[in-house]
Each structure stands twice: as C-alpha cells, then as structure tokens.
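The values are calculated or read from the model by the stated rules, or taken from the named source; none is laboratory data. All values reported here derive from a predicted model rather than from experimental measurement. For neighbour counting, all protein chains shown are included, and Cβ atoms are generated from backbone atoms with ideal geometry for every residue, glycine included.
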Amino acid sequence: MTGAAVWTIVGAVGAGTLVMKAAGPMLLGGRVLPPRAMSVISLLAPAVLAALIVTQTLGGDHRFVLDARLAGVAAAAVALRFRAPLLVVVVLAAVVTAVVRALG
C-alpha cells in the first residue's frame, strides 16, 4: 500500500469519526433522551473499557496469551476490591507485572 493510500484511509476514518461524533448533538438538538436510552448509554463506557482490558490482557495473535499482564490485572482487581486509591492500584499492577516478568 502506498503512502498516499494510507493517508487517504487515515483521513477518511478521521472524517467518519467526526461525522459520528457530531451526529448525536445535531440529531437530538436540545431534546432529552428517554430514561431507558440513558440507562443503556450509561452502561456503554464500562462495557467498552472492560472489553479493552480483556483484549489487551489476554489477546495475542489469534490466540489467548497468559503472561505477566494477567497477574498485574488480577492484582489491580484485588486492590480495587479493597477500595485502594487509584494511584495505588496502578502502581501495584505495574509492580506485580514487572516482578512476574523478571521472575519468568
């Protein structure tokens, strides 16, 4: 694929993203969404975040990969369960991941 073709695709994807982001406010204007729609929309962000975490933690080249990342995510989940501050959760996950990688 040539450089021009790549930049054309990047531009088209960027333009499509702008159109999709602008579609909601333009179509809805100042109207309020029904409560049912708002409840579904409020669940989208956590679902997308969970999907990204799972695919980045377990994803490989068309197969599951169990490595140090999984230990870090597990440590973060335990820390969150015990209501640790977010900074502690992130540092703990990074330290556990680094230790597992160093040992393995």
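For R69, the requirement of being modelled with pLDDT of 85 or more and under 30 Å from L92 (Cβ atoms) is met.
Per the listing I53, I41, the residue uniquely in contact (Cβ under 8 Å) with a residue 12 or more places away in the chain and assigned to a helix (DSSP H, G or I) is I53.
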